[in-house]
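The values are calculated or read from the model by the stated rules, or taken from the named source; none is laboratory data. From a predicted model like this one, the values you see are computed outputs, not experimental measurements. All Cβ positions, even for glycine, are placed from backbone atoms using ideal geometry, and neighbour counts span all protein chains on display. The area values use the complete protein model at the heavy-atom level, side chains included, leaving out ligands, DNA and RNA. Shrake-Rupley method; radii C 1.70, N 1.55, O 1.52, S 1.80 Å.
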Amino acid sequence: MSVTIDPAVAACLRGFEPPERLGFGSVMAPVMFRATCQDGVWSSGELRPYAPLALDPAAKVLHYAQSCFEGLKAYRVRGNEVCLFRPERNADRLAHSAERLCMPAVPVSLFMEGVRTVAAYCANLIPASSGESLYLRPILLGTQPDLSVSASNAFEFLVIASPSEAYHTGNMRLWVERQDARAAPGGTGDAKVGGNYAASLRSTAQLKQRGFDQSLWLNPADHRSIDELSGMNFFAVMEGELHTPALNGSILPGVTRDSLIAIARHHGLVVHERAMDIDDVLALVQSGTCSEAFACGTAAIVSPISVLGDGEASYQLHQVPGPVSEMLRGALLDIQEGRAEDRFGWMQRVEAVSLDD
Ligand code: COI
């Protein structure tokens with residue numbers, strides 16, 4: 001299928017002036033990709049000006065949260081090349097999330113067409129500083145106007161983009177969340193769906209008042225095993241070895257998580273994917289055996305953790321950032337930003353579209 005380019009796209013892109021400070025996810029590129037699916041049949045995609053959606057107030061997504069999304073990045077590499085990082089992983093994960101919510105998978109070819117088209121046309125919007133990128137947000141939503149609790153028969157697939165800085169830069173103070181639960185076993189924790197994030201918002205609002213940045217979620221089955229943060233995976237370094245919670249069905253299988261494990265093993269680090277009991281981890285932080293901890297995600301990259309707060313107690317990590325998180329962050333960014341050999345075959349080049357003619 002070929003992508004239709006709306007004639008207004010070039011003018012939108014030419015007239016776009018990004019502000020000096022980008023932040024994360026608040027500046028939107030002026031174009032978006034859209035395709036629709038009716039009764040299992042996908043339309044071809046269109047690149048069009050960024051604009052609000054026309055959604056029926058009875059659309060299933062607004063009532064029953066039938067929507068899932070992805071996050072991936074386009075980088076400016078070696079001056080002017082455009083590259084995506086492991087986009088097929090995001091296509092596969094979106095298909096997994098869609099299946100969990102009874103939505104049709106976006107064909108991998110359509111997903112790739114969407115992210116590649118947006119990256120190609122927005123090439124000039126990709127920030128050049130290290131740690132910055134064009135953050136791409138593919139979204140799939142059920143649009144059928146019908147209030148019965150059943151799967152939609154109509155869907156939209158969109159790709160929007162945001163020239164962005166990293167989501168978090170480090171020194172994160174985590175709050176161990178012992179009351180609220182984010183994602184139950186058998187639920188949607190390993191799918192990238194809005195409901196998981198909605199369930200985290202109350203905890204985030206409460207912890208901010210106590211001077212913390214992010215919740216550390218425990219598995220609701222035992223209220224002991226660490227799952228993840230609200231939008232990042234968790235890692236700890238103990239006596240030079242890397243430990244991260246094993247994917248247990250309620251943890252999002254992060255692309256950055258998977259990439260850091262591969263890089264760490266390539267550098268000879270021992271990596272343990274295992275159940276991690278919060279009380280054990282806190283005791284090991286207190287004794288100094290756990291010297292550093294960090295969170296990771298597409299948006300956040302690698303973000304060092306400085307403190308774990310648990311009720312009235314506070315556990316300070318000794319190395320912030322520690323050598324392992326610095327090495328992993330540097331090695332990942334070196335691949336993503338084209339300074340190091342792409343030894344894992346993760347980077348996918350996109351031909352930028354010139355708007356000159
Ligand atoms: C990402 O890292 O891409 C996410 O979707 C996490 C979100 C909290 C920004």
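With a cut-off of at most 13 other beta carbons within 10 Å, and DSSP calling the residue loop, which GluC sites (Glu not before Pro) in segment 188-287 qualify? Please list them. All intermediate terms of the calculation are to be shown ahead of the outcome.
Values: sites: GLU228, GLU239, GLU241, GLU273; in loops: GLU239.
Those that pass, being in a loop and sparsely packed, are GLU239.
Could you give me the ³J(HN,Hα) list for segment 61-73, computed from phi with Karplus coefficients 6.51, -1.76, 1.60 and θ = phi - 60°, whole Hz, x at Gly and Pro?
Per residue, the Karplus-derived 3J(HN,Hα) values read 4, 6, 10, 10, 6, 7, 7, 9, 8, 9, x, 8, 10 Hz.
Can you give the helix-only mean residue ellipticity at 222 nm for the chain, where every DSSP H stretch with n ≥ 4 adds -39500 (n - 2.57) and the sum goes over all residues, rounded to the nearest 500 deg cm²/dmol?
Numbers: 9 runs with 89 residues, N = 357.
After summing the helix terms and dividing by residue count, I get -7500 deg cm²/dmol.
Dipole magnitude of segment 180-262 about its Cα centre, charges +1 at Lys/Arg Cβ and -1 at Asp/Glu Cβ only, in debye to the nearest 20? List each step's numbers first, then the result.
Values: 7 positive and 9 negative charges, 78 e Å.
In debye, rounded to 20, segment 180-262 gives about 380.
Have a look at LEU53, LEU201, LEU218 and tell me which one the Gaussian network model of the chain (Cα, springs below 10 Å) gives the largest fluctuation.
LEU53
Mind putting a number on the dipole of the chain about its Cα centre? Charges go on the C-beta only, +1 for Lys and Arg and -1 for Asp and Glu, and I need it in Debye to the nearest 20. Walk me through the numbers before you get to the answer.
On the way: 29 positive and 41 negative charges, 53 e Å.
Here the size comes out at about 260 debye.
Which loop trypsin sites (Lys or Arg not before Pro) in segment 8-37, with loop taken from DSSP, have no more than 10 other Cβ atoms within 10 angstrom of their Cβ? Show your work: numbers first, answer last.
Values: sites: ARG14, ARG21, ARG34; in loops: ARG21.
Counting only loop positions with at most 10 other Cβ atoms within 10 Å, the trypsin sites (Lys or Arg not before Pro) in segment 8-37 are ARG21.
From the P(r) of segment 110-237, can you give the percent of Cα pairs sitting at distances over 23 Å? Please list the in-between numbers first.
Numbers: 4195 of 8128 pairs.
The answer is 52 percent, as a whole percent.
Using a 1.4 Å probe, what is the accessible area per residue for the chain, in Å²?
Numbers: 14910 Å² over 357 residues.
Accessible area per residue: 42 Å².
How would you classify segment 4-165 from its alpha-carbon gyration tensor, with a ≥ b ≥ c the square roots of the eigenvalues: rounded for a/c under 1.5, else prolate if a/b is greater than b/c, otherwise oblate? Each step should come with its number before you reach the end.
Details: a/c = 1.98, a/b = 1.71, b/c = 1.15.
Note, shape of segment 4-165 comes out prolate.
Summarise the accessible area of segment 4-165 (1.4 Å probe, protein heavy atoms) by the percent that is carbon and sulfur.
Taking all protein chains in place, segment 4-165 shows 53 percent carbon and sulfur surface.
Could you tell me which residue out of HIS267, SER225, VAL302 lies farthest along the dipole of the chain toward its positive end? Charges go on the beta carbon: Lys and Arg +1, Asp and Glu -1, centred on the Cα centre.
VAL302
Say each of ALA8 and SER130 gets a label point 7 Å from the Cα, pointing the same way as Cα to Cβ; how far apart are those two points in nm?
4.1 nm
Which of the aspartates and glutamates could a cross-linker span from LYS73 if the Cα-Cα distance has to be under 13 Å and same-chain partners fewer than 8 positions apart are dropped?
Those aspartates and glutamates meeting the cut-off are GLU88, GLU132, GLU165, GLU337.
Give the long-range amide H neighbours of TRP175: residues separated by 5 or more places, or on another chain, with amide H under 5 Å away, using H modelled in the peptide plane at 1.01 Å from N.
For TRP175, whose amide H was placed from the backbone, the distant partners under 5 Å are ASP213, GLN214, SER215, LEU216, GLY309.
What full-extension length gain, to one decimal in nm, is calculated for ARG343 and VAL41 as 0.36 nm per residue of separation minus the Cα-Cα distance?
On the way: separation 302, 0.36 × 302 = 108.72 nm, distance 3.80 nm.
The span from ARG343 to VAL41 would gain 104.9 nm if fully extended.
Once the whole set of protein chains is in place, how much accessible area is left on LEU229, using a 1.4 Å probe, in Å² to the nearest 10?
Surface accessible to solvent at LEU229 totals approximately 0 Å².
With all distinct Cα pairs included, what does the Kirkwood hydrodynamic radius of segment 172-321 come out to in Å, to one decimal, could you say?
Every distinct Cα pair counted, the radius reaches 15.2 Å.
Setting aside same-chain residues fewer than 8 positions from LYS60, which lysines have a Cα under 22 Å from its Cα?
Hits, sequence-local ones excluded: LYS192.
Over the alpha carbons of the chain, what is the largest minus smallest coordinate on each principal axis, giving the biggest first in Å?
For the chain, the Cα spread along each principal axis is 63, 52, 35 Å.
State whether segment 279-357 is rounded, prolate or oblate according to the following rule on the C-alpha gyration tensor (a ≥ b ≥ c being the square roots of its eigenvalues): a/c under 1.5 gives rounded; otherwise a/b larger than b/c gives prolate, and the remaining case gives oblate. Could the numbers behind the result be given before it?
Working: a/c = 4.10, a/b = 2.61, b/c = 1.57.
Here segment 279-357 falls in the prolate category.
Taking every DSSP beta bridge with both residues inside the chain, roughly what % is antiparallel (nearest 5)? Each step should come with its number before you reach the end.
Details: 58 of 72 bridges.
Taking every DSSP beta bridge with both residues in the chain, the antiparallel ones total about 80 percent.
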